[in-house]
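Worksheet: one structure, shown below.
Bear in mind these aren't lab numbers, they're just calculated from the coordinates by the rules spelled out. This one's a predicted model, so the numbers in the text were calculated from it and none came from an experiment. Quick reminder, even Gly has a Cβ in these numbers, built from the backbone with ideal geometry, and neighbours come from all protein chains shown.
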Amino acid sequence: MKKKLMIDLDETICSPSYLEEVNKFMGTNYQYEDIETYFVEDIIPEEKREKFLDYFYQNVNVYEHAKALPDAISVIQELNEVYDIYIVSAFVDKRRIDESSIMAKYKYEWIRKNLPFIDPKKIILTGSKDLIMCDIKIDDKFGNLKGYGETKLLLDHLHNREFTREELEERGVRRVVSWLQIRDILLGGNQNDLS
Ligand SMILES: [Mg+2]
């Protein structure tokens, strides 16, 4: 039986254009290197955030121009031959619960367009990733790698650098820097090497 592999979407497979939208709204020119927090919107002054969310949910599809991370699509296609792949993504925005449904639509459309080889029944849009029982998990958010899983890979980003190697090791998580490294680990014959 193929091993089950859970892959996160945002900042793991693709980069939605949140920062571009924040820049457009604010008239700024922030670069990704400037952002150390998980939510890009944190750079918006608090008094303007409600207005931004109004603008965001009425006008913006951040997946319209979302770019796949380097080598993500081709490596996932290769992994799909060997593993039972589930694309798992959260979509509920606690600040705008009723308006969040549109994000499920945008995410689903992006996955269908860019990962057409993934069985649509294995696209899981949820707020409860920890319930997903997969053998292998790939995510850019450390908190999503808790719970079940024999191999857990954290894709390196500025926003997750605060976690030390020791903290990751304690939870059996390995930091990876690229999809080519993920390919080496999961297809290179050293699947059990978590050093
Ligand atoms: Mg993510």
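General observations
- Each semi-axis of the equivalent ellipsoid for the chain is √(5λ) with λ an eigenvalue of the Cα gyration tensor; in descending order they amount to 29, 19, 15 Å.
- Cα gyration tensor, region 18-59 - rounded (a/c under 1.5), prolate or oblate: prolate
- Counting neighbouring Cβ atoms within 10 Å and putting the fewest first, the residues Ser89, Ser128, Ser100, Ser74 line up as Ser128, Ser74, Ser100, Ser89.
- Those lysines that a straight Cα-Cα span of less than 16 Å connects to Lys122, excepting residues fewer than 8 apart in one chain: Lys2, Lys3, Lys4, Lys105, Lys107, Lys113, Lys137
- Karplus-derived 3J(HN,Hα), 6.51/-1.76/1.60, for each residue of region 138-154, Hz, glycine and proline x: 10, 8, 9, 10, 3, x, 7, 9, 7, x, 4, x, 8, 10, 10, 10, 9
- Calculated from backbone phi, Karplus (6.51, -1.76, 1.60) coupling profile of region 11-19 in Hz, x at Gly/Pro: 6, 10, 9, 9, 10, x, 8, 4, 5
- Based on DSSP H segments of at least four residues, each scored -39500 (n - 2.57), the chain has a per-residue ellipticity at 222 nm of -9500 deg cm²/dmol.
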